[in-house]
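Notes to accompany the following structure.
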Amino acid sequence: MSDRSRHRARGALVLLALLLASSGAMRLGSGIGAAMARAPEKPADGAPLTCPEPPLALAEALREREAQVRAQEDSMKERKAALDRADQTIRKRLDELAAAEAELSETLARADGAAEGDLSRLTSVYETMKPKEAAALFEAMAPEFAAGFIGRMRPEPAAAILSGMSAEAAYSVSVLLAGRNALAPTE
């Protein structure tokens with residue numbers, strides 16, 4: 001390539017760059033004009049620009065919405081307070097119930113202990129009675145009741161009492177004694 005052709009190529013490139021730059025400047029300038037046309041005019045006294053008042057319907061709708069939101073917030077505060085009071089009442093009742101349950105358990109334990117003591121003493125009395133007298137007494141009892149006492153006795157006095165009872169009564173008590181643990185789980 002000769003010097004002349006290089007010079008022409010450079011000139012064409014420079015001319016093309018100038019055309020592209022001026023085209024971009026023109027496009028940029030066209031947007032500024034539209035933006036300036038939309039901008040509000042400044043007041044003559046130099047005071048800052050203020051927003052125009054919203055339409056009355058919009059302002060009234062916003063006030064109504066604000067009142068609704070406040071009412072909902074107040075309602076939620078009241079509900080929360082009511083739930084807090086109910087929670088406190090429930091906790092107090094649960095504490096009272098737990099105390100009553102503990103007292104009842106203690107009373108039942110004492111009653112069970114006393115009943116067990118009474119049964120042990122009565123069983124001991126029956127064991128020390130003469131077998132003929134105890135057998136007559138046991139024959140007069142309901143078989144279930146008699147089986148309960150005989151089951152608690154030592155084997156020797158229990159055998160002596162059963163031998164003094166009639167065959168039918170001794171059989172009934174024996175059947176009850178043999179079957180009282182039949183339904184107990186084995187595993």
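The values are calculated or read from the model by the stated rules, or taken from the named source; none is laboratory data. What you are looking at is a predicted structure, and each value in this text was computed from that prediction instead of being measured. Just so you know, the surface numbers come from the protein's heavy atoms only, side chains and all, with ligands and any DNA or RNA stripped out. Shrake-Rupley method; radii C 1.70, N 1.55, O 1.52, S 1.80 Å.
Quick notes
- Rounded accessible area of Arg180 (nearest 10 Å², 1.4 Å probe): 130 Å²
- With 10 Å bins from 0: P(r) over region 75-187, alpha-carbon pairs, percent: 12, 27, 18, 13, 10, 9, 7, 4, 0
- Whichever aspartates and glutamates have a C-alpha closer than 16 Å to that of Lys92, once near sequence neighbours (fewer than 8 apart) are set aside: Asp84, Glu101
- 3J(HN,Hα) along region 6-20: 5, 5, 5, 5, 5, x, 5, 5, 5, 5, 5, 5, 5, 5, 5 Hz, from the Karplus curve 6.51 cos²θ - 1.76 cosθ + 1.60 with θ = phi - 60°, whole Hz, x for Gly and Pro.
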